[in-house]
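> This is the structure I want to talk about, given as structure tokens.
The values are calculated or read from the model by the stated rules, or taken from the named source; none is laboratory data. Quick caveat, the model's predicted, so the values are computed rather than measured. Glycine gets a Cβ as well: all are built from the backbone with ideal geometry, and neighbour counts include every protein chain shown.
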Amino acid sequence: MKFEIPEKKKLVYEMVMPIRWGDMDAMNHLNNASYFRFLETCRIDWFYSINAIAKAGGEGAIIVNAFCSFYTQLQYPGDVRIKMYVSDPGRTTFESWATMERADEPGKIYAAGGATTIWVDFATQKAQALPDWLRAIVS
């Protein structure tokens, strides 16, 4: 199964992270789980940047699915530039997407992933309409 990032999307965040030697596996490339950690770190940093971090008993974003497509192996040493995009806001959800490239090779996509994000009331465990301020960001 392969997922493609849509043509129509909005860039909302970008960051650079180092590839750590400990992220490598026995095949001398970045372990697959590390790609998901990069995606998660970028998504959480973006949430912090827009003040969308969930508070216990409040409302917030949760991920209901996630994927990553691997195109070219990332290897230590180096830095990964992650670009995060959003698209397709619904009543309670939106899609997030990210591309990963080496910082020293701009434009060459090594991996790409995404997730469906849903806004939830944690006390009731029920989906809630995206807040207007968040809808404005993801639209």
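> If you scan the range 66-94, which residues turn out to be without any contact (Cβ under 8 Å) to a residue 40 or more places away in the chain and closer than 29 Å to residue 29 by Cβ?
Within the range 66-94, 72 is the sole residue that qualifies.
> Another one. From 63, 50, grab the single residue that is in contact with a Lys or Arg (Cβ under 9 Å, 6 or more places away or on another chain), touching a residue at least 24 places away in the same chain (Cβ under 8 Å), closer than 19 Å to residue 10 by Cα and loosely packed, with under 15 Cβ neighbours inside 10 Å. It would help to see each step written out before you state the result.
Values: 50 fails: in contact with a Lys or Arg (Cβ under 9 Å, 6 or more places away or on another chain).
Just a single option satisfies the conditions, and that option is 63.
> Provide a single number: the residues in the range 88-100 that are part of a strand (DSSP E or B) and under 18 Å from residue 133 (Cβ atoms).
So the first thing to find is which residues in the range 88-100 are part of a strand (DSSP E or B), and the list is 93-100.
Those still in the list that are under 18 Å from residue 133 (Cβ atoms) too: 93-94, 96.
The qualifying residues number 3.
> Go through (1) outside any loop (DSSP other than H, G, I, E, B); (2) in contact with a Phe, Trp or Tyr (Cβ under 9 Å, 6 or more places away or on another chain); (3) under 18 Å from residue 34 (Cβ atoms) and name the single condition residue 63 misses.
That leaves (2) as the condition not met.
> Follow-up. I'm checking my understanding of the structure. Among residues of the range 113-139 that are outside any strand (DSSP E or B) and touching a Phe, Trp or Tyr at 6+ places or on another chain (Cβ under 6 Å), which one is farthest from residue 81 (Cα to Cα)? Don't jump to the end; show me each part of the working.
In the first step, residues of the range 113-139 are kept if they are outside any strand (DSSP E or B); the result is 122-125, 128-139.
If we keep only those that are touching a Phe, Trp or Tyr at 6+ places or on another chain (Cβ under 6 Å) as well, we get 128, 130, 138.
Working: 128: 32, 130: 28, 138: 21 Å.
Here the answer is 128.
> Okay, next question. Please work out if residue 39 is more than 22 Å from residue 19 (Cβ to Cβ) and buried (at least 20 other Cβ atoms within 10 Å of the Cβ). Spell out the reasoning first.
On the way: more than 22 Å from residue 19 (Cβ to Cβ): no; buried (at least 20 other Cβ atoms within 10 Å of the Cβ): yes.
Considered against the rule, which asks whether it is more than 22 Å from residue 19 (Cβ to Cβ) and buried (at least 20 other Cβ atoms within 10 Å of the Cβ), residue 39 comes out as no.
> Tally up the residues in the range 101-112 that are in a loop (DSSP other than H, G, I, E, B) and either small (Gly, Ala, Ser) or without any contact (Cβ under 8 Å) to a residue 12 or more places away in the chain (or both), please.
At the first step, the residues of the range 101-112 found to be in a loop (DSSP other than H, G, I, E, B) are 103-108.
Narrowing the set further to residues that are either small (Gly, Ala, Ser) or without any contact (Cβ under 8 Å) to a residue 12 or more places away in the chain (or both) leaves 103, 105, 107.
Qualifying residue count, the range 101-112: 3.
> Residue check, residue 109 against (1) buried (at least 19 other Cβ atoms within 10 Å of the Cβ); (2) under 17 Å from the mean Cα position of the chain (by Cα), all met but one. Which one?
Going through (1) buried (at least 19 other Cβ atoms within 10 Å of the Cβ); (2) under 17 Å from the mean Cα position of the chain (by Cα) one by one, residue 109 breaks only (1).
> Taking the residues in the range 11-36 that are modelled with pLDDT under 95 and among the charged types (D, E, K, R) as candidates, determine which candidate is nearest to residue 113 (Cα to Cα).
Filtering first and then ranking leaves 23.
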